[in-house]
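Here the structure comes first, spelled out in structure tokens, and everything after it is commentary.
The values are calculated or read from the model by the stated rules, or taken from the named source; none is laboratory data. For clarity, every value in this text was computed on a predicted model and none was experimentally measured. Glycine gets a Cβ as well: all are built from the backbone with ideal geometry, and neighbour counts include every protein chain shown.
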Amino acid sequence: MAVELDVFVGNTTIMDEEVYQLWLDGYTVNDAVKVRMEGGVLDECEASADVLLSDTMDQYRTFQMCERLLHSPAKLANQLLFQIPPHRQTVLIERYYAFDDAFVREVLGKKLSKGTKKDLDDISAKTGVTLKSCRRQFDNFKRVFKVVEELKGPLVENIRQHFLLSDKLARDYAAIVFFTNNRFETGKRKLQYLTFQDFAFCAGQLINNWTVGAVDNMVEDMDVDLDKEFLQELKELKILITDKDLLDQHKSLVCTALRGKTKAFNEMEANFKNLSRGLVNIAAKLTNTKDVRDFFIDLVEKFIEPCRSDRWTAADMKLYLTHYTNSAHILDTFKHQVVWDRYMGVIKSCIFKMYHD
Amino acid sequence: MPGKLKAKIVAGRHLPVMDRASDLTDAFVEVKFGNTTFKTDVCHKSLNPQWNSEWFKFEVDDEDLQDEPLQITVLDHDTYSANDAIGKVYIDIDPLLCTEAASVISGWFPIYDTIHGIRGEINVLVKVELFNDLNRFRQSSCGVKFFCTTSIPRCYRAAMVHGFVEELVVNEDPEYQWIDRIRTPRASNEARQRLISLMSGELQRKIGLKVLEMGGNAVVGYLQCFDLEGESGLVVRAIGTACTLDKVSSGTPASNACNSPSKDGKEPVFGEDLPSSSGPPTPFRALPTSSSSPPPFSPSKPCSRQSSSSDTDLSLTPKTGKNTWPRPPFPLSSLPTPTPHCGEFPFFTLTSFPPGFLVHVGGVVSARSVKLLDRIHNPALGNTRSYKLLDWNSVTADEPETRDAWWEEIRQEIKSHAKALGCHAVVGYSESTSICEEVCILSASGTAAILNPRYMREGCLDIGSTDHRFEDPSPPSCGFCHIPYDELNMPFPAQLTYCYHCRRQKVPDVLFTTIDLPSEAAVTGKGCLIQARLCRLKKKAQGEVNATAISNLLPFMEYELHTQLMNKLKLRNMNALFGLHIQISVGENMLLGLASATGVYLTALPAPGGIQIAGKTPGDLSNEHHILTIQKRINDTIAKNKELYQINPPELTEEGLGSPIPEPRQRSRLFRSHSESSDELSELDLSHGKKDAFVLEIDDTDAVEDIHSLLTDAPPPTGFYSCNTEIMPGIYNWTSGIQMFTSVRVFRLSNANLTNQGLNKIFTDLCENLLKSFYFKLRSMIPCCLCHLNFTVAVPEEELIQVRHFGFAEFHSFVLFFSSVRFVLRGLFCFFLLFSFLVVVVVIAFVCVSGVGSVCACVCLCVCVFSPAASVDYGSFADRCSTWLELLRLKAHTIRRGSVKTSRRTQSLAHSGRSRSLRSSRSFGGSSVTVVKMTPLSFLPGIRIIKYLGIINMFFIRETTSLREEGGVSGFLHSFIAEVFAMVRAHVAALGGNAVVSYSMKECVLMENPNKNQAQCLINVSGDAVICVRETDQEPTASMTNIGQTCCSANDGAT
């Protein structure tokens, strides 16, 4: 005796959000049934495991049929096959495009190629996210990347319009696309302490201030590629460390301003030249693609780590960077104020975000 | 007279990729009607082509307009090879032929392919210009309205009910034609779909003609069925009730009646104008149309039929003194135009009636007959016959007549049964068949009743006006329960008591009917679904032997089902069944019986007695003990049920009335059928009481099993109610949150040596599990009610498959071409259950809150009901808030970006503002998909139907040769059902409608062969397309409402 066929179809497609999550998480039907049983659904109403199995199967089938539509969410609204209330549609899309931070940390900045896809089983083993779920997330990244790649206009808006995502999620996707496009190195051991949200914040800063789009919002790839002219101009900042007078003047200005305001003053004073050199060198090297990739690792090595070993507090850091940036304006021989602000504004907020344990 | 059909192909979208090289499609469209075909230009390299074609005009007869569908084929242009078909759309233009219905068909239709399913959508505009036809001898019947609804449609008023109409057409099934061996499965499926579409068009036209002949303008309760008889052909038959309907203008009081069937809600139909029909309520109302257009005499039916039927009466009713029925005082012969047509079968397919229409109800009458389907030809010979039959019009003339004669026989039987019950009409009438190979069981059932002749066309009913009951009108809340037959000449023994409501007339102790509970009936407590399930094994046999075996089994099955129903009814402490539907389906080596009904406690009927168990050997002490425990369990269950269904009949002051009420301790005993076979199957239904109630022998293991099965029926979990009628008796506060579901289950039995008992248990468990799984799935909707639970059971057979298997072997050399002769079902046999039902979320004002401010209680409960939806709404509210916050942050952010981008700031803000609106319009308002509600009910609670747009009657075939890839049979059927829903919705939306009422899935035949990775499925659905608005709205905006607006305005948007 066996149930050969068992379907349950509603005029309005009904979906259980809990089962949807299990499906997204890559659980097999049997595992999902187990999870649901442990969750105590059966206790709420008198039902047997068969009932649960049949329900889970039904839902899984529905999701599988919907998946094709979820690949282009705009279609979901005007397809005829499933009658889904709009708020449900929103939930379906949002959940489908949601991703695990643990997973995204692994692929952030990597090329979304077949090779990476082959390594997904390793990532799955490492992060504990099921392979199926990894594949979905990876494919989502790739799909968004491909669609947005060829579009004009602001990145976040494009993502939001094409995939009908919430603002938050669209921003995260923009960060992923940006990282992928510029191939930023995020996997090094020294960067392991950083979360996806740290990077996403930095990406937002970079997109808003350093890209072509920051000046002109109608070019292709405006939010994806860094502003080449700006990077070129950054070389001019070298004068801050090559000109000895300027460097000393800058140091004294900063030290005067900081004196007595922080416990770490001595370390600051001692390290000023090193730190300043580090930051300005990062700026000067950004014309090389290779150095752009190492942007974050450089920030950590050249600035964050020395400060951390000197036990600066976050407040110290804030104080130091504020005065460091502002003092440059007072330097009468320093002419590159605009570039300096554009550079330091981003650096400052990135370092604030990244300076934690 | 011709009409002009115009069609315009606007655009396509989401087309499949047909050219692998470019990942695009070169699509064009062929528009075909009758034998005329038009083509659009090819729209190169696009998946969303814009054709914007000219108007294609077809000048055709209106007869063709009724029969033929408009056929739209989307193709992919290929320069070198043949063009590939993407898919088709069949559009039934019938709704356009009715002046009151839709005026234009316009919208997106799914492009359907029988192999690939839905492949994109096409936007089409269709119009019809019809010239008035005054030809008396015309063959068309444009303008006759059809309704699947089995009550007078809301927003109409019945001026006259004319009576029963029936028709059937027969044809060769293309699937079994010789040519099928060499054509592709796609061509074969399409031929079949087209043929069935043509046949139903023809059938509808013919029925329409009959209605016009009778002087009516509409068919209500139109029920169309297919009999796939396999090699002996394809029968499409339909029955309905001819009426003259008047449209109720929107401002009339009818508006308040279209709402939820609250007990005090007045029915719009019939009512208001009645007083205006001057004169005393004579039983025969003057026929208003008789002078203008005398109903033509139908020569087909001999008048002698009448007398012969009364002969049958005599043989069927053993009682004397009742053999002649009082003739009407106005002799029919004196009228210039006798109407034998409608007088022949006083049947009504309606199941609910306006107040005052139903005078008395007698009980269920049913008739079954077993027939052998004659084989027309041997397909192996591929002779000239099948050759000829490729032209479907040249169907052999004798065939429909055979089928007609069969049904005629059964209807006569039903009629005589009704007479035996002292009734002159049969209401809630339906017909069905079950076919297994060459054996076919024809069944008909209905409820014998006496109708108020005021509403009838004269001659329609055969009644005596001298009948005292008409002079003594009974109160509406109990009148229909009063016995229609003479107390002294009862057709069957029953215990009669005086009505508990009015105390003036006699009522039976139980009442079984096939109709819905009359809205004015007084009910105590709540109703519930009651099912009797039965399996009977039979030996495999062929031909006549098989038919005999089946017909010998039938009476026993019917009797046992009846006994089960009776016992379950008593166990629930109820005394009446409504919406009784008994289905007996025949399989290769078993018969399945499934009876479903809604049990109620009618206040007018006496309280049911309990169930008493008695042992055979009173001396045995352990046995005695056993009996006592069982008796106790039964009593406990009864008490529990009494509480569950809130059955607290008012205490009666018996002495005061002094009527012969039976002593309350009186109990009826558990019935057991042991011997007594009767050759007259249908009589059994009526004669259960004749058999003296059996004292149950407890050492009979069968009996023990029976009791167990009685007690294993689990009541629905708290918060759930189920019934198979349109409304749930005892529940009056409905919300408009409705959901319709279809569920199909196939169950395979693994071992062949099963006993009747074992099978019964499996079958019962299956049904129970199904219900349980519904309850589980719908747990979030509590409190809710499963209404119109419609169960269908089938036993796909194994022998037939083997026969086809042999066919395979024989034509081995043709295997390549044979892809459409397929489906070898492996294994033994399986149950095939098909369910289509509706969930209506009901807000129950519990007893504790029913006092002051019950409205308030309702509202607050309403929130409970929709708590999942509500929480989502809060979510979206929060979302909205967060997007606002985001917007603010964005603003702030842009400002923070500093002077570098002063030029950009305003721009980006404007941009984000614009895109936000763009986004919201995209995800919410911008979709062009109309929400279409579907319901098997004839109404939508809380929603008013303002216009009927026409009947939806669609037939689809889906086939696959990649079953595994589509997720097995379940996946295949799941997507097919979803596709069928989508197509129905699209057609309704194109007509301008936003709901389908009286929706039903008539047929769902699935054949599979997992070994060959193939499956095929046929689905037939029907319903009435309507425009409806929320009770509160005045304007018919709903038809224009898209998903967004509906759902914004109502958080229950789920339908």
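Within segment A:254-272, the set of residues being part of a helix (DSSP H, G or I) and over 14 Å from A:ALA328 (Cα atoms) comprises A:LEU258, A:PHE265, A:ASN266, A:GLU267, A:MET268, A:GLU269, A:ALA270, A:ASN271.
Of everything listed in (1) within 14 Å of chain B (Cβ to nearest Cβ); (2) within 17 Å of the chain's Cα centre (by Cα), the single unmet condition for A:LEU151 is (2).
I need the full set of residues from segment A:51-61 which are in contact (Cβ under 8 Å) with a residue 12 or more places away in the chain and either over 33 Å from the mean Cα position of the chain (by Cα) or within 7 Å of another protein chain (Cβ to nearest Cβ) (or both), in order please.
Those that are in contact (Cβ under 8 Å) with a residue 12 or more places away in the chain and either over 33 Å from the mean Cα position of the chain (by Cα) or within 7 Å of another protein chain (Cβ to nearest Cβ) (or both): A:LEU52, A:LEU53, A:SER54, A:ASP55, A:THR56, A:MET57, A:ASP58, A:ARG61.
Within segment A:29-45, the set of residues being closer than 22 Å to A:THR130 by Cβ and either in contact with a strand residue (DSSP E or B) (Cβ under 7 Å, 6 or more places away or on another chain) or away from chain B (no Cβ under 12 Å) (or both) comprises A:ASN30, A:ASP31, A:ALA32, A:VAL33, A:LYS34, A:VAL35, A:MET37, A:GLU38, A:GLY39. The numbered conditions (1) under 29 Å from B:SER938 (Cα atoms); (2) within 14 Å of chain A (Cβ to nearest Cβ); (3) in contact with a helix residue (DSSP H, G or I) (Cβ under 6 Å, 6 or more places away or on another chain) are all true for B:GLY117 except (1).
No other residue among B:GLY428, B:GLY422 is touching a Gly at 6+ places or on another chain (Cβ under 9 Å) and assigned to a strand (DSSP E or B) apart from B:GLY428. With respect to being at pLDDT 90 or above, under 18 Å from A:TYR27 (Cβ atoms) and in a helix (DSSP H, G or I), A:LYS132 fits the description. Only a single item in (1) at the interface with chain B (Cβ under 7 Å from one of its Cβ atoms); (2) within 31 Å of the chain's Cα centre (by Cα); (3) not hydroxyl-bearing (Ser, Thr, Tyr) is not met by A:GLU17, and it is number (1).
Scanning segment A:79-88 for residues that are within 31 Å of the chain's Cα centre (by Cα) and free of Cβ contacts under 8 Å to residues at least 60 places away in the same chain yields A:PRO86, A:HIS87. For the condition of a type in the set (Ser, Thr, Tyr) and over 21 Å from the mean Cα position of the chain (by Cα), B:THR960 qualifies. Residue under question is A:ILE159, and the condition is that it be of a type outside the set (Lys, Arg), in a helix (DSSP H, G or I) and more than 14 Å from chain B (Cβ to nearest Cβ); does it hold? Criteria not met by A:ILE159. Just one of the numbered conditions (1) touching a Ser or Thr at 6+ places or on another chain (Cβ under 6 Å); (2) modelled with pLDDT of 90 or more is not true of B:SER188: (2).
The set of residues from segment B:515-564 being of a type in the set (Gly, Ala, Ser) and in a helix (DSSP H, G or I) comprises B:GLY543, B:ALA547, B:ALA549, B:SER551. Of all residues in segment A:326-357, those being over 15 Å from A:LEU299 (Cβ atoms) and not hydrophobic (A, V, I, L, M, F, W, C) number 11.
Scanning segment A:62-86 for residues that are at the interface with chain B (Cβ under 7 Å from one of its Cβ atoms), surrounded by 22 or more Cβ atoms within 10 Å (Cβ to Cβ) and within 23 Å of A:GLN137 (Cα to Cα) yields a count of 1. Looking at segment A:277-335, the helices (runs of 4 or more DSSP H) lying wholly inside it that each contain 1 or more residues that are β-branched (Val, Ile, Thr) sit at A:289-293, A:295-299, A:314-330. Out of B:VAL104, B:VAL124, one residue alone is touching a helix residue (DSSP H, G or I) at 6+ places or on another chain (Cβ under 8 Å) and at pLDDT below 90. It is B:VAL104. Quick check on segment B:500-508. Is at least one of its residues touching a Pro at 6+ places or on another chain (Cβ under 6 Å), at pLDDT 85 or above and either outside any helix (DSSP H, G or I) or surrounded by fewer than 23 Cβ atoms within 10 Å (Cβ to Cβ) (or both)? Looking for residues that are touching a Pro at 6+ places or on another chain (Cβ under 6 Å), at pLDDT 85 or above and either outside any helix (DSSP H, G or I) or surrounded by fewer than 23 Cβ atoms within 10 Å (Cβ to Cβ) (or both), one finds none in segment B:500-508, hence no.
Of all residues being among the aliphatic types (A, V, I, L, M) and within 14 Å of A:ALA200 (Cα to Cα) in segment A:87-105, which is farthest from the other protein chains (Cβ to nearest Cβ)? Just the residue, please.
A:ALA102
Is there a residue being within 25 Å of A:ARG135 (Cβ to Cβ), of a type in the set (Asp, Glu) and surrounded by fewer than 18 Cβ atoms within 10 Å (Cβ to Cβ) anywhere in segment A:46-57? Checked against the condition, which is being within 25 Å of A:ARG135 (Cβ to Cβ), of a type in the set (Asp, Glu) and surrounded by fewer than 18 Cβ atoms within 10 Å (Cβ to Cβ), segment A:46-57 yields no hits at all.
Within the set B:ILE207, B:ILE179, the sole residue that is surrounded by fewer than 23 Cβ atoms within 10 Å (Cβ to Cβ), among the β-branched types (Val, Ile, Thr) and within 30 Å of B:LYS32 (Cα to Cα) turns out to be B:ILE179. For segment B:945-979: of the residues being of a type in the set (Phe, Trp, Tyr) and within 30 Å of B:SER103 (Cβ to Cβ), which is modelled with the lowest pLDDT? Per the stated criteria, the residue is B:TYR948. In summary, A:LEU165 fulfils each of the numbered conditions (1) in a helix (DSSP H, G or I); (2) within 14 Å of chain B (Cβ to nearest Cβ); (3) touching a residue at least 24 places away in the same chain (Cβ under 8 Å) with the single exception of condition (1).
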